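Q: One structure coming up, written as structure tokens, with questions to follow.
The values are calculated or read from the model by the stated rules, or taken from the named source; none is laboratory data. Everything numeric in this text was worked out from a predicted model, so none of it was measured. Please note: Cβ atoms are built from the backbone with ideal geometry, for glycine as well, and neighbour counts cover all protein chains shown.
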């Protein structure tokens, strides 16, 4: 009975090996694609960093204006918020606050894939390492050195790819989380400092107007 159960489990592990290797290959391709996008985003941020930091410095010195923010050349999430700001003159601050909240949710969604790859990549690498060890030991017991070498090659390759996926995803996660935290802090500061056009007009309407002196 025990031998039969072991044979069934051995067959199951043999069936699982191909899907695990396929998922590892797909995750490796997705990780390389993600690293390309990360490099592009880093280059775009480098191009617009001086413009953005100079504008934030002017806001801190109380000399920045909403009109200047509309004309900035930005990239990434600040550029998305800038586009919403340009179109939000009829919605005012509540609409922009909702846009900023949606942007934060989108950032979290983008980081979730990196968290997934950081954890699942090494796990799949470990599974891909352990699954071929059974056939490798059987090959060793039967003096089938070709089968032993083939299965050990699969095991070590799975380990390398799993660790590579996890390491790259973790590095990208740390870098992007720092970027996004800084972006949210800067955009909240911009939102609290400048006002859309409709609020500027309302401020003019609400400002006190001097009454003529009595004759």
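Listed here are the residues, each with its yes/no results for (1) within 17 Å of residue 22 (Cβ to Cβ); (2) at pLDDT below 90; (3) in a helix (DSSP H, G or I).
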residue	(1), (2), (3)
140	no, yes, yes
147	no, yes, yes
157	yes, no, yes
162	yes, no, yes
170	no, no, yes
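Q: Of all residues in segment 111-131, which are under 13 Å from residue 172 (Cα atoms) and crowded, with 16+ Cβ neighbours inside 10 Å? Let's see the steps before the verdict.
A: As a first pass, look at segment 111-131 and keep what is under 13 Å from residue 172 (Cα atoms): 111-118.
Correct list: 114, 117, 118.
Q: I've got another one for you. Quick one: which residue in 14, 37, 76 is under 20 Å from the mean Cα position of the chain (by Cα) and at pLDDT below 80? Spell out how you get there, then give the answer.
A: Values: 14 fails: under 20 Å from the mean Cα position of the chain (by Cα); 37 fails: at pLDDT below 80.
Answer to the selection: 76.
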